[in-house]
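Just so it is clear, none of the values below were taken in a lab; they were calculated from the coordinates. In this text, all values refer to a predicted model and were calculated from it rather than measured experimentally. A quick note on method: Cβ atoms are made from the backbone with ideal geometry, for glycine too, and the neighbour counts reach across all protein chains shown.
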Amino acid sequence: MSISVKVMQRPEPETTSYLRAALSGMALTFRHMINPVKVTQQYPEEQTQLSPRWRGTHVMEMHADGRPKCVACGLCPTVCPANCIRLVGGEDDQGNRYPIVYEIDEFRCIFCGMCQEVCPVEAIHVGQHFENAEYTRDRFVYDLDRLMEQDHPSTNLWDPSDPTGE
Amino acid sequence: MAELVKLTIDGHEVSVPKGTTILEAAKQIDTLVPHYCYHPGLSSPAMCRLCLVEVEGAPKPLPSCVTTVTEGQVVKTQSEEALGHRKGVLEFYLVNHPLDCPICDMSGECDLQDYVHLEGRKHGRGIEPKRVFGRDDFGGDVLFYGDRCVMCTRCVRFMNEVEQDECLTVVERGNRSVIDTFFDEGLEGTHWHGNVVDICPVGALVSKDFLYKARAWDLDHTPSVCASCSQGCNVLLHTRDNLVHRVKPRENLDVNAWWMCDHGRLDYEWMNVGDRLEAPLVRGNEGTRTAKSWKDALADLLERASALDDKSVRAVASARASNEDLGALAELVGAFGGGETVFRSPRAEEEIVLKGFPTLARRTDLAPNVKGAGLLGMKRVGADDATGGLESVAGHSGIVVVLGDALADQPEDFGSKAGLYIYLGTHDSAAAQAAHVVLPITTHAEQEGTFTNHEGRVQRFWPALEAPGMARPAWLILGALDAELTGEAGPQTAAEAFAELSEAIPALGGLTYEDLGTRGAVAGTKGAVVGTQGAPAGAAAQAARG
Ligand code: SF4
Ligand code: SF4
Ligand code: SF4
Ligand code: SF4
């Protein structure tokens, strides 16, 4: 295919008046003043409805007695493409495997949700949440307690009635 | 040379010595027939039934671990029939298996995981409840998770045939059969029981020391040599985050086969100890120490040395230092003005022999390089707990050099009469307070080098950890000093340091790193064929799997 050049016909600067364009713009503005169309959402007074598959700040699920569900299997730090989960496993007083240290660096996280997908005990979840501003950077490394404190709903990565997506 | 037998495995012509099993022969074409009960270091009961292969002309599948090859045999390990049989056997293994891989320490290096992924069914069909045993403390370093056991009896056979201390047995029958100890007598007090954890193909026997500490796939493996006695067992250091997490034996039929003792296996924490010397420290005239760059510290040291009248040397070496380090020390002592080098090393009361493999024992010398220090003409002094014996060094007025000995039993004024006192160590010490220069060195886990074991086998080890701060291998530091004094170029790599040493020491007979390879060579045997390397065929492939 040969390349062709299209020469644009542009108005000569001296011969053009912008008055007409300015007037039609003003007309639009005044029309909206009289008859407003609401697109702006009044955040934070009004909250956005997040999709159930929205992937945001993590939540660690807990057992009824307050222990984390995580069994320190090491799969989420292994699968995490951002390498932002730090895990040190150990044995608790009942002889169970549990995370002594479990930290997620929410700054490095890319919210792919793979940690939730891989977790064999449905412990770590990404959540339907995005408001996590802080005053210092180090506060973005969420430790186990902080992850368990998160009270927003966790994400549904797939439709529970159709888990294989068929 | 044994008579060779020719056969065909999966369409490949293989010729192996007469008497080889099909399973070992298949390793020659890089085919590993799945198996549990078979281990090259143990007898073969052929009871796990997993290594079934199809042999043309045989009426039914044959267990490849006990079927020896015959001339002209045609074996199919991957035929539909063979795979079908193994798939069936694997399904039986999962009937009662808990599949608790997320909390199982074996996950990632488990033969059940591997084989089921490779050849098993995609989905389980079992609906019956599984039998549950729970976990049991076997004593020593071993925990037993009965539900995960595949009843291969490798552990029982190890204790009976190799350690020859019958501590484990199978109790009950049928699907209730389980491994157990005799009443309260566990593995406590036996010296080789860590090996049952290695040979257990699943997560039924796990190490208490390693329990839940790290994931198998997170660990880096570095070949090394055990530094806990003069046997020099070949090991792998498993590291993560610059820490050694466990030590596993590395197969070497000339030294330790597949085994190692518990003493050496659990003696690794010292490699992780923090609070290290990280920069050269030079003592000023008022006694305060300042951290300096290597260049300044060595210049300061040489200046002090050149101003001395009495340049006779008394050196204290360590039998934990590599041949390269000790060789460089000997060179430096010579370059200064000659003198005597002594070393101290702890000694145990008796050898702990592994009865089923009697060339392997926890030797009485509890340091890896006593022989190497001896070959270099260094004299052993002090008591059996590595104390005392340094009277002639402590008050020496010439040059005092300490390499790698922490001098824990020595007073603070050690070496205070010396014209120049050089202390090379990993950690600071009370007895190093009088040292004019304190130089930070690396441990054997942080450097490349060799040890000479009790029978004179020189074996290489590789760096597994990063050295802290400015710490350097002692051979590099001492070699640089020696180069300044003599005007010759110092060694730049451990291989060069070793080559120089092996030329200077007739006992080493001109060995080089290439001659040593990963399995070592006995000093003075260059060119000769030594040992039993390579037999039984393909054992290396098995050892890699543990
Ligand atoms: S969401 Fe993705 S990037 Fe974030 S922690 Fe989980 S796996 Fe890592
Ligand atoms: S995948 Fe789940 S159980 Fe495993 S370490 Fe992560 S949170 Fe814990
Ligand atoms: S023994 Fe193997 S298959 Fe069984 S739970 Fe442990 S890792 Fe999983
Ligand atoms: S405990 Fe391990 S080595 Fe012993 S029989 Fe069971 S699976 Fe085999």
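What percent does the relative contact order of chain B come to when contacts are Cα pairs within less than 8 Å and at least six residues apart?
Working: 1157 pairs, mean separation 64.1, N = 546.
Here the relative contact order equals 12 percent.
Calculate one ³J(HN,Hα) per residue across region B:445-462 by plugging θ = phi - 60° into the Karplus curve 6.51 cos²θ - 1.76 cosθ + 1.60, and present them in order as whole Hz with x for glycine and proline.
6, 10, 9, 8, x, 9, 10, 10, 7, 4, 9, x, 7, 8, 10, 8, 9, 10
Set the bar at 28 Å for Cα to Cα. Now go through B:87/B:130; B:122/B:248; B:60/B:355; B:27/B:248; B:18/B:76; B:27/B:371 and name every pair that lies beyond it. Don't skip to the answer; put the middle values down first.
Working: B:87/B:130 20 Å; B:122/B:248 32 Å; B:60/B:355 38 Å; B:27/B:248 22 Å; B:18/B:76 19 Å; B:27/B:371 37 Å.
With Cα atoms farther than 28 Å apart: B:122/B:248; B:60/B:355; B:27/B:371.
For region B:3-72, what is the relative contact order in percent, using Cα pairs closer than 8 Å and at least 6 residues apart in sequence?
Reported as a whole number, the value is 36 percent.
May I ask you to derive the relative contact order of region B:127-271, considering only C-alpha pairs under 8 Å and at least 6 residues apart, and to give it as an integer percent? Show your work: numbers first, answer last.
Numbers: 248 pairs, mean separation 27.5, N = 145.
For region B:127-271, the relative contact order is 19 percent.
Please name which of B:450, B:281, B:426 has its Cα lying farthest along the dipole of region B:281-545 towards the positive end, using unit charges on Cβ (Lys, Arg +1; Asp, Glu -1) and the Cα centre as origin.
B:450
Would you please give the residues with an amide H less than 5 Å from that of residue B:521, counting only those at least 5 places away or on a separate chain, with H modeled from the backbone geometry?
Long-range HN contacts for residue B:521: B:458.
Please report, in whole Å, how far the alpha carbons of region B:281-545 spread along each principal axis, starting with the longest.
66, 41, 33
Can you show me the helix-derived [θ] at 222 nm for chain B, built from DSSP H runs with n ≥ 4 at -39,500 (n - 2.57) apiece and divided by the number of residues, rounded to the nearest 500. Kindly include the intermediate steps, with their values, before the conclusion.
Working: 14 runs with 115 residues, N = 546.
About -5500 deg cm²/dmol.
Among B:126, B:17, B:43, whose Cα lies farthest out toward the positive end of the dipole of chain B, if unit charges sit on the beta carbon of Lys, Arg (+1) and Asp, Glu (-1)?
Value computed over the given set: B:126.
Setting aside same-chain residues fewer than 8 positions from residue B:6, which aspartates and glutamates have a Cα under 12 Å from its Cα?
Hits, sequence-local ones excluded: B:71.
Can you tell me the dipole magnitude for region B:127-271 around its Cα centre, using point charges on the Cβ only (Lys, Arg +1; Asp, Glu -1), in Debye to the nearest 20?
Values: 16 positive and 24 negative charges, 126 e Å.
Dipole of region B:127-271, to the nearest 20 debye: 600 debye.
Take the Cβ-Cβ distance between residue B:218 and residue B:170 as r, set R0 to 45 Å, and report the resulting FRET efficiency rounded to the nearest 0.05. Don't skip to the answer; put the middle values down first.
On the way: r = 34 Å, r/R0 = 0.75.
About 0.85, to the nearest 0.05.
Rounded to the nearest whole Å³, what is the per residue volume of the convex hull around the Cα atoms of region B:247-403?
Details: hull volume 23.8 nm³, N = 157.
Residue-normalised Cα hull volume stands at 151 Å³.
Estimate the FRET efficiency between residue B:122 and residue A:40 by the formula 1/(1 + (r/R0)^6), using the beta-carbon distance for r and 35 Å for R0, to the nearest 0.05. Intermediate results must be reported in sequence, preceding the final value.
Working: r = 53 Å, r/R0 = 1.51.
Here the calculated transfer efficiency is 0.10.
I want to verify the translational diffusion coefficient of region A:3-99 in µm²/s; compute it with Stokes-Einstein, Rh as the Kirkwood radius over Cα pairs, at 4 °C and 1.567 mPa s. Kindly include the intermediate steps, with their values, before the conclusion.
On the way: Rh = 21.5 Å.
My calculation gives 60 µm²/s for D.
Binned at 5 Å from 0, what are the whole-percent values of the Cα-Cα distance distribution for region B:4-78, short to long?
3, 18, 31, 27, 16, 4, 0
Considering the options A:156, A:58, A:100, tell which one lies farthest towards the positive end of the dipole of region A:42-166, charges being +1 on Lys and Arg and -1 on Asp and Glu at the Cβ, about the Cα centre.
Value computed over the given set: A:100.
Once you average over the residues of B:316-327, how many Cβ atoms of partner chains fall within 10 Å of each Cβ?
Numbers: counts 0, 0, 0, 0, 0, 0, 0, 0, 0, 0, 0, 0.
Rounded to a whole number, the mean comes out at 0.
Using Cβ contacts closer than 10 Å as the measure, can you line up B:478, A:19 from fewest to most?
Working: B:478 30, A:19 8.
So the residues, fewest neighbours to most, are A:19, B:478.
Can you tally the net charge around residue B:120? Count Lys and Arg as +1, Asp and Glu as -1, for every other residue whose Cβ sits under 15 Å from the Cβ of residue B:120. Numbers along the way, then the final one.
Numbers: positive: B:49, B:86, B:87, B:121, B:122, B:125; negative: B:91, B:111, B:114, B:119.
It works out to a net charge of +2.
Enter the mean number of other protein chain beta carbons within 10 Å of the beta carbon of each residue in B:210-222, as an integer.
Working: counts 0, 5, 14, 4, 4, 8, 1, 2, 4, 0, 0, 0, 0.
Whole-number average of other-chain Cβ neighbours for B:210-222 is 3.
Ordered by residue, what ³J(HN,Hα) values in Hz, to whole numbers, does region B:25-37 give under the Karplus form 6.51 cos²θ - 1.76 cosθ + 1.60, where θ = phi - 60° and Gly and Pro are x?
The phi angles translate into 5, 5, 4, 5, 9, 6, 10, 9, 6, x, 6, 10, 6 Hz.
When each pair of different Cα atoms in region B:72-111 is counted once in the 1/r mean, what is the Kirkwood radius in angstroms, to one decimal? It would help to have the intermediate numbers written out before the result.
On the way: mean 1/r = 0.0801 Å⁻¹.
After inverting the mean inverse Cα-Cα distance, the result is 12.5 Å.
What shape does chain A take by its C-alpha gyration tensor, where a ≥ b ≥ c are the square roots of the eigenvalues and a/c under 1.5 counts as rounded, a/b above b/c as prolate, and the rest as oblate?
Details: a/c = 3.00, a/b = 2.30, b/c = 1.31.
Prolate, because a/c is 1.5 or more and a/b exceeds b/c.
Could you list B:308, B:237, A:75, B:298 in order of exposure, starting from the residue whose Cβ has the fewest other Cβ atoms within 10 Å? Numbers along the way, then the final one.
Details: B:308 16, B:237 27, A:75 23, B:298 19.
Ordered by Cβ neighbours within 10 Å, fewest first: B:308, B:298, A:75, B:237.
What order, most packed first, do the peptides B:112-118, B:24-30 have when packing is the mean number of other Cβ atoms within 10 Å of each residue? Walk me through the intermediate numbers first.
On the way: B:112-118: 17.6, B:24-30: 19.7.
Ranking the peptides B:112-118, B:24-30 by packing returns B:24-30, B:112-118.
Given charges of +1 on the Cβ of Lys and Arg and -1 on the Cβ of Asp and Glu, with all other atoms neutral, how large is the dipole of chain A about its Cα centre, in debye to the nearest 20?
Details: 15 positive and 24 negative charges, 232 e Å.
Charge dipole, chain A, about its Cα centre: 1120 debye, nearest 20.
Taking N as the number of residues in the protein assembly as shown, what is its alpha-carbon radius of gyration divided by 2.2 N^0.38 Å? The partial results should precede the final answer.
On the way: Rg = 33.6 Å, N = 712, 2.2 N^0.38 = 26.7 Å.
Relative to the 2.2 N^0.38 Å estimate, the protein assembly as shown comes out at 1.26.
Treating the beta-carbon of each Lys and Arg as +1 and of each Asp and Glu as -1, no other charges, what is the dipole magnitude of the protein assembly as shown about its Cα centre, to the nearest 20 debye?
Values: 66 positive and 101 negative charges, 333 e Å.
For this selection, approximately 1600 debye.
In the neighborhood of residue B:211, defined by Cβ-to-Cβ distances under 9 Å, what is the net charge if each Lys or Arg adds +1 and each Asp or Glu adds -1? Don't skip to the end; give the middle numbers.
Numbers: positive: A:97, B:208, B:213; negative: A:91, B:105, B:209.
Summing Lys/Arg as +1 and Asp/Glu as -1 gives 0.
Need the C-alpha centroid separation for region B:286-352 versus region B:398-473, integer Å.
Taking the Cα centre of each part, region B:286-352 and region B:398-473 sit 8 Å apart.
Cα convex hull of chain B: mean projected area in nm², to one decimal? Before the final figure, lay out the partial values.
Numbers: hull surface 110.8 nm².
Over all viewing directions, chain B projects a mean Cα-hull area of 27.7 nm².
By how many nm would the segment from residue A:18 to residue A:139 grow when fully extended, if each residue of separation counts as 0.36 nm and the alpha-carbon distance is taken off? Working shown, then result.
Numbers: separation 121, 0.36 × 121 = 43.56 nm, distance 5.27 nm.
Stretched out fully, the residue A:18 to residue A:139 stretch lengthens by 38.3 nm.
Quick one: B:345, B:416, fewest Cβ neighbours within 10 Å first, how do they rank? Walk me through the numbers before you get to the answer.
Working: B:345 22, B:416 15.
Lowest to highest Cβ neighbour count: B:416, B:345.
Can you give the longest stretch of chain A with no exposed loop site, where a site means chymotrypsin sites (Phe, Trp or Tyr not before Pro) in a DSSP loop (not H, G, I, E or B) with at most 15 other C-beta atoms within 10 Å? Please report the intermediate quantities before stating the final value.
On the way: sites that count: A:18, A:107, A:130, A:135, A:158.
That gives A:19-106 as the longest site-free run.
Other chains' Cβ within 10 Å of A:64-74 residues: what's the mean?
Values: counts 0, 0, 0, 0, 0, 0, 1, 4, 4, 8, 9.
So the per-residue partner count for this stretch is 2.
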